[in-house]
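The values are calculated or read from the model by the stated rules, or taken from the named source; none is laboratory data. Because the structure is a prediction, the values reported are computed rather than measured. In this analysis, Cβ positions are derived from the backbone assuming ideal geometry, glycine residues included, and neighbour counts consider all displayed protein chains.
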């Protein structure tokens with residue numbers, strides 16, 4: 001089992017770099033190219049890479065499917081909750097300017113919350129799709145249990 | 001600084017020529033291992049030379065630091081991906097194509 005030693009060592013050091021780049025793309029989204037969707041995909045790519053190198057059992061120990069389901073729904077809930085919060089504060093749906101006292105700061109905070117929730121949902125859903133495909137039982141293995 | 005400009009363009013043109021050489025190699029070589037050999041070697045150096053040239057173009061700024069980070073990432077990930085491909089092909093039982101006169 002020594003044949004994948006190089007890949008394992010490099011993957012161990014590459015995983016935090018990919019995850020950090022995902023957060024860079026996420027929190028840089030209002031100045032430059034990027035945003036929640038791209039950041040979510042990059043973050044899920046980091047976990048898919050981890051799963052490809054270290055196997056599905058290890059990855060499911062790190063990030064169980066239950067946690068992913070909670071994350072996926074909590075992202076949508078945060079997105080909609082921000083909209084409802086601005087509605088309750090007397091504005092339109094997703095009217096970020098009302099979130100803080102100054103309009104510009106409120107809009108910046110609002111877009112960051114929205115991008116963060118989009119990123120969480122996208123990465124969780126991408127990983128759920130990947131888990132579903134990776135754990136699919138092969139047709140010829142059905143007889144054994 | 002005209003000298004830095006000239007050196008940076010030498011780096012960029014050398015990187016571009018290496019990229020073209022790798023492309024010709026992946027097109028012309030006969031089997032998987034020699035194609036991987038051609039592109040795996042030139043690809044790392046091609047990207048590295050490009051990045052060094054671009055760092056010289058940008059000078060000291062936040063962009064050159066980002067380019068250096070990309071350089072470090074490419075420096076580790078590109079040979080690893082070549083190694084993983086060759087390793088997977090070898091474990092999968094793909095034999096290198098030897099001289100045609102042998103068989």
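Answer with yes or no whether residue B:96 is under 20 Å from the mean Cα position of the chain (by Cα) and more than 29 Å from residue A:17 (Cβ to Cβ). Spell out the reasoning first.
Working: under 20 Å from the mean Cα position of the chain (by Cα): no; more than 29 Å from residue A:17 (Cβ to Cβ): yes.
The answer is no for residue B:96.
Among the residues of the stretch A:1-12 satisfying the criterion of being modelled with pLDDT of 85 or more and more than 7 Å from chain B (Cβ to nearest Cβ), which is surrounded by the fewest Cβ atoms within 10 Å (Cβ to Cβ)? Reasoning before the result, please.
Of all residues in the stretch A:1-12, those modelled with pLDDT of 85 or more come to A:5-12.
If we keep only those that are more than 7 Å from chain B (Cβ to nearest Cβ) as well, we get A:5, A:8-9, A:11-12.
On the way: A:5: 9, A:8: 11, A:9: 13, A:11: 20, A:12: 12.
Selected residue: A:5.
When you check residue B:31 against the structure, is it within 30 Å of residue A:3 (Cα to Cα), surrounded by 16 or more Cβ atoms within 10 Å (Cβ to Cβ) and away from every other protein chain (no Cβ under 14 Å), yes or no?
Details: within 30 Å of residue A:3 (Cα to Cα): yes; surrounded by 16 or more Cβ atoms within 10 Å (Cβ to Cβ): no; away from every other protein chain (no Cβ under 14 Å): yes.
No; evaluated as a whole, the condition is false for this residue.
One line per residue, one yes/no per condition, for (1) modelled with pLDDT of 90 or more; (2) assigned to a helix (DSSP H, G or I); (3) surrounded by fewer than 15 Cβ atoms within 10 Å (Cβ to Cβ); (4) within 12 Å of chain A (Cβ to nearest Cβ):
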| position | (1), (2), (3), (4) |
| --- | --- |
| B:16 | yes, yes, yes, no |
| B:25 | yes, yes, no, no |
| B:40 | no, yes, no, no |
| B:71 | yes, yes, no, no |
| B:96 | no, no, yes, no |
| B:101 | no, yes, yes, no |
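Taken over the stretch B:42-61, the criterion of being over 19 Å from the mean Cα position of the chain (by Cα) and either surrounded by 14 or more Cβ atoms within 10 Å (Cβ to Cβ) or modelled with pLDDT of 90 or more (or both) is satisfied by B:56, B:57, B:58.
Scanning the stretch A:13-37 for residues that are over 17 Å from the mean Cα position of the chain (by Cα), surrounded by 12 or more Cβ atoms within 10 Å (Cβ to Cβ) and assigned to a helix (DSSP H, G or I) turns up just one, A:14.
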